[in-house]
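Asks: After the structure tokens below, expect a handful of questions from me.
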Amino acid sequence: MDLQLRDKVAVVTGGSAGIGLAVAAGLAAEGVHVAICGRDPGRLAEAADGLRAAHGVRVLPVEADVAAADGTDRLAAAVAAEFGGADILVNNAGTGSEETILAAPDERWQAYWDLHVMAAVRLARTLAPGMQARGGGVILHNASICATQPLYYEPIYNVTKAALVMFSKCLAAELIGSNIRVNAVNPGLVMTGDWVKTAKALTAGTDQTWEQYLQKIADDNAPIGRFATPEEVADTFVFLCSPRAGYTVGSTVYVDGGWLRTTT
Ligand code: NDP
């Protein structure tokens, strides 16, 4: 299937690792030029070098914290300077939480709200006008199955990801008249660095290996019985970026190995 993405320009927040890097690589493999951002400059530069070497596209690494307005402004300005705007925005940067509602202070709620919701709001405001001028575009939000089916140890994550999905729905209605398609993806268990780090920490000094720990999580939750690779999830993002997904608007696509226990 020709995804008709060659020479488009995409911005992927958190494109230096995990799912974001896999999305950037998937797009680059289709001939898309990519801007990626993250806070760790070393990891960002390494990711950019890898993308260039593997796919021969233009890659713009931007050191930026998207949870802050000056970070999203810096990212948008760098994209404007290098590419004159973007056709695709993938709001991916995010992270899990662990707290109780009664103990978590306001600052913690605000920090996750800024990272998961305000980053997407601010980047829509700065990048969508350029998409309108280019005749259209695509905005995708990487939320989580937890937006619908909560994990109770991370209420702030669940709440802010649910808000991101609703933001995606509202933005879709506002922008489709400008030929900008907005959708969300809700992944389930995806094998990225944090899972491995946590598993290693929790199994150190026990008779359980970190692989066994993660396998039990997969067995307990996902009917498919395993984690997804970042690439398996990224392929759905890449397809949704394509004009071949042209009638998909305001949707939330689950990539969760059967974990969601309801119909939606
Ligand atoms: P990783 O920790 O592997 O990668 C996160 C990426 O985001 C890194 O590039 C990181 O770079 C960047 N990032 C994090 N915070 C910021 C910030 N404030 N500003 C800019 N960049 C930032 O995460 P995953 O790939 O696992 O997760 C990506 C997204 O997918 C998240 O939104 C997560 O909630 C969602 N998701 C993940 C699932 C999973 O099982 N892994 C399941 C469902 C959803 P740096 O640290 O250098 O800033």
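The values are calculated or read from the model by the stated rules, or taken from the named source; none is laboratory data. Only a predicted model underlies this, so the values are computations on that prediction, with no experimental measurement involved. With ideal geometry, Cβ positions are generated from the backbone for all residues, glycine too; neighbour counts draw on all protein chains shown.
Asks: From (1) part of a strand (DSSP E or B); (2) over 15 Å from the mean Cα position of the chain (by Cα), pick out the condition that doesn't hold for T100.
Replies: (1)
Asks: Only residues that are surrounded by fewer than 19 Cβ atoms within 10 Å (Cβ to Cβ), in contact (Cβ under 8 Å) with a residue 40 or more places away in the chain and part of a helix (DSSP H, G or I): list them for region 103-112, please. Outline the logic, then answer.
Replies: Residues of region 103-112 surrounded by fewer than 19 Cβ atoms within 10 Å (Cβ to Cβ): 103-111.
Restricting the remaining residues to those that are in contact (Cβ under 8 Å) with a residue 40 or more places away in the chain gives 104, 108-109, 111.
Within region 103-112, R108, W109, A111 qualify.
Asks: Would you check if there is a residue in region 161-173 being assigned by TED's automatic domain parsing to the domain that holds L123, among the aromatic types (F, W, Y) and not in a helix (DSSP H, G or I)? Don't jump to the end; show me each part of the working.
Replies: First pass over region 161-173, keeping only residues assigned by TED's automatic domain parsing to the domain that holds L123: 161-173.
Those left that are additionally among the aromatic types (F, W, Y): 167.
Add one more test, that the residue is not in a helix (DSSP H, G or I), and what stays is none.
Within region 161-173 (the criterion being assigned by TED's automatic domain parsing to the domain that holds L123, among the aromatic types (F, W, Y) and not in a helix (DSSP H, G or I)), the answer is no, since none of the residues qualifies.
This table checks each residue for (1) closer than 20 Å to I19 by Cα; (2) more than 10 Å from the ligand (Cβ to nearest atom); (3) over 14 Å from the mean Cα position of the chain (by Cα).
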{"position": "P187", "(1), (2), (3)": "yes, no, no"}
{"position": "D194", "(1), (2), (3)": "yes, no, yes"}
{"position": "A199", "(1), (2), (3)": "yes, yes, yes"}
{"position": "A204", "(1), (2), (3)": "no, yes, yes"}
{"position": "Q212", "(1), (2), (3)": "no, yes, yes"}
{"position": "Q215", "(1), (2), (3)": "yes, yes, yes"}
{"position": "A222", "(1), (2), (3)": "yes, yes, yes"}
{"position": "F227", "(1), (2), (3)": "yes, no, yes"}
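Quick grid of which residues meet (1) at pLDDT below 95; (2) under 30 Å from P150 (Cβ atoms); (3) among the aliphatic types (A, V, I, L, M):
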position: V59; (1), (2), (3): no, no, yes
position: N92; (1), (2), (3): no, yes, no
position: P105; (1), (2), (3): no, yes, no
position: A111; (1), (2), (3): no, yes, yes
position: L115; (1), (2), (3): no, yes, yes
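Asks: Checking Y153 against (1) farther than 27 Å from A103 by Cα; (2) in a loop (DSSP other than H, G, I, E, B); (3) in the same structural domain as G137 (by TED's automatic domain parsing); (4) more than 18 Å from the chain's Cα centre (by Cα), which single condition isn't satisfied?
Replies: Exception for Y153: condition (1).
Every residue, every condition in (1) surrounded by 22 or more Cβ atoms within 10 Å (Cβ to Cβ); (2) without any contact (Cβ under 8 Å) to a residue 24 or more places away in the chain; (3) within 15 Å of the ligand (Cβ to nearest atom); (4) not assigned by TED's automatic domain parsing to the domain that holds C241, yes or no:
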{"position": "G42", "(1), (2), (3), (4)": "no, yes, yes, no"}
{"position": "L51", "(1), (2), (3), (4)": "yes, no, yes, no"}
{"position": "T72", "(1), (2), (3), (4)": "yes, no, yes, no"}
{"position": "A76", "(1), (2), (3), (4)": "yes, no, yes, no"}
{"position": "G85", "(1), (2), (3), (4)": "no, no, no, no"}
{"position": "A93", "(1), (2), (3), (4)": "yes, no, yes, no"}
